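Derivation of every value follows stated rules applied to the coordinates shown; laboratory data play no part. Worth saying up front: this structure is predicted, and the values here are computed from it rather than measured. For neighbour counting, all protein chains shown are included, and Cβ atoms are generated from backbone atoms with ideal geometry for every residue, glycine included.
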Amino acid sequence: MTLKKYLLAPGPVPVPPQALNAMAAPIIHHRSPDFVELFSHVKEDLRWLYQTELPVLILAATGTGGMEGSVTNFLSPGDKALVVNGGKFGERWTKICKAYGIQVTEIKCAWGESVDVNQIEAALKADPTLKAVYMQASETSTGAAHDVKAVADLTRNRETLCVVDAITALGVVDLPMDTWGIDLLISGSQKAFMLPPGLAFVGVSEKAWRFNQTATCPRFYFDFAKEKKALEGNQTAYTPAVSLIVGLGEVLKIMRGEGLENVFARHTRLAHATREGMKAAGLTLFPKGTPSSAVTAVNAPDGVDSQDIYKTLRTKYGVTAAGGQDHLKGKIFRIAHLGYADTFDTIIAIAAVEMAITTLGGKVNLGAGVKRAQELLLVK
Ligand SMILES: *Cc1c(COP(=O)(O)O)cnc(C)c1O
């Protein structure tokens, strides 16, 4: 038999059978009453997940398309913006902004750290013309989380937008868009939404729509005003990714059935058990800042290259995790616990890591991490 496969990477994640089955059904036409009916429910359920009164845009793109549109629809060339850069995805904000002629000031934070919000406050005080703060809620490349609420508190009463890439945070941790005053909240289908890649979602505040009226960055496909208008008629501006939207209907039903608080609690529980399990196995965690509840980044033990751990997990044990990026390549590996993840995904992850490191001759307490996670995940 070929190896049985376990997908435990921070996106794409496994898709629940209900959604897989629904997406296998014969295709429906996107201008038909069937689609309009489905889309009207999906639209409402998305607002529920986003904790917002305003419509959430649904784009046929990956998360990066949502990020790009969140720059081009609200800023103009020459505008100034702050970017929190604490990893690969923070870096992406800078690259997108620069591609459109936005003047970026980076708030750098060492990979694995959470941003120092005082630095953002000082920058905003020093320059009231800053149009936006771009940040991640969870920096997937390092496994660290940033304090979104604290940043939104700073932008709320300024002429500055709080733009949050929540691609591994929405549906993982509580991010009440309206209550906190987040202006743009971005997520993607292959993360906590537990769908295949191909959809991006963007929540847009009143304040952001006001910025939209005067923003002059070039745009065509990702024209958010056009999408908002189409959404009013339960449509998208162009052909939607119909099958993914059918799947979206299913996963939103699953999440509604579980309840928001329970969804967050499950991610918190799995993240905690993963971290404690890794420590009990004798490993150390990479992030020094607040750890993400979506993904755990772990340092490879002495003398072991983390790329070998990643490869051994995949080729010998059938487990797909993730390695480190850029200067962290060879140093860390990352295990996800987001989306369609539960107790035994975590147990498998920890067991497989212990076994892979043992296979490679590295130092690890075989079984100790699993035992610790079992204790923490016991149902009483
Ligand atoms: C996955 C991810 C993205 C988006 O990547 P795509 O490949 O465009 O889906 C952006 N930001 C974060 C934090 C991510 O985890």
1/(1 + (r/R0)^6) with r = Cβ-Cβ of LYS43 and ALA122, R0 = 41 Å, i.e. FRET efficiency to nearest 0.05, evaluates to 0.55
From DSSP H assignment alone, runs of 4+ in the chain each adding -39500 (n - 2.57), the sum over residues rounded to the nearest 500 puts [θ] at 222 nm at -13000 deg cm²/dmol
Taking Cα atoms, the helix 63-72 axis meets the longest principal axis of the chain at an angle in degrees (rounded to 10) of 30
Once phi is turned into θ = phi - 60°, what whole-Hz ³J(HN,Hα) does the Karplus curve with 6.51, -1.76 and 1.60 give for every residue of the stretch 343-349, x standing for Gly and Pro? 2, 7, 5, 5, 4, 4, 4
Row for the chain, column shape: gyration tensor on C-alpha, a ≥ b ≥ c, rounded if a/c < 1.5 i.e. under 1.5, prolate if a/b over b/c, else oblate; value oblate
For THR2 and LYS98, what is the calculated FRET efficiency with R₀ set at 45 Å and r taken between the beta-carbons, to the nearest 0.05? 0.50
Starting from the Cα of LYS98, draw a straight line to each of the lysines and keep only those under 17 Å, dropping any in the same chain fewer than 8 residues away. LYS80, LYS88, LYS108, LYS131
For LYS279, give me every one of the aspartates and glutamates with a C-alpha distance below 13 angstrom, ignoring sequence neighbours fewer than eight places off in its own chain. GLU354
Positive-end residue of ASN118, VAL163, HIS29, charge dipole of the stretch 17-258 with Cβ unit charges: HIS29
Among ASN85, ASN262, ASN234, which one moves the most in a GNM of the chain with springs linking Cα atoms closer than 10 Å? ASN262
Distance from the stretch 26-86 to the stretch 234-284 (C-alpha centre basis), Å: 17
For the chain, the dipole about the Cα centre with charges only on Cβ (Lys and Arg +1, Asp and Glu -1), to the nearest 20 debye, works out at 720
Give me the one-decimal Kirkwood hydrodynamic radius in Å for the stretch 156-195, with the sum taken over alpha-carbon pairs. 10.8
Across GLU232, GLU113, GLU91, the residue with the highest GNM fluctuation in the chain (Cα network, 10 Å cutoff) is GLU232
Helix 368-377 axis, angle to the chain major axis (alpha carbon atoms, nearest 10°): 50
Candidates GLY69, GLY101, GLY369, ranked by Gaussian network fluctuation over the chain, Cα under 10 Å, top entry: GLY101
With point charges of +1 on the Cβ of Lys and Arg and -1 on the Cβ of Asp and Glu, referenced to the Cα centre of the stretch 128-240, which listed residue (ILE186, SER141, THR214) lies farthest in the positive direction of the dipole? THR214
Could you give me the percent of Cα pairs per 10 Å distance bin for the stretch 259-377, shortest bin first, beginning at zero and ending with the bin that holds the maximum distance? 15, 50, 30, 5, 0
Taking the Cα centre of the stretch 108-203 as the origin, how large is its charge dipole in debye, to the nearest 20, when only Lys and Arg (+1) and Asp and Glu (-1) carry charge on their Cβ atoms? 140
Determine which residues of the stretch 358-377 fall in the zone a paramagnetic label at LYS316 would reach in this model, i.e. backbone nitrogen under 11 Å from the point 7 Å along Cα→Cβ. 358-362
Percent of C-alpha pairs per 10 Å bin, the stretch 186-290, short to long: 11, 29, 28, 21, 9, 2
As a percent rounded to 5, the proportion of antiparallel DSSP bridges among beta bridges in the chain is 50
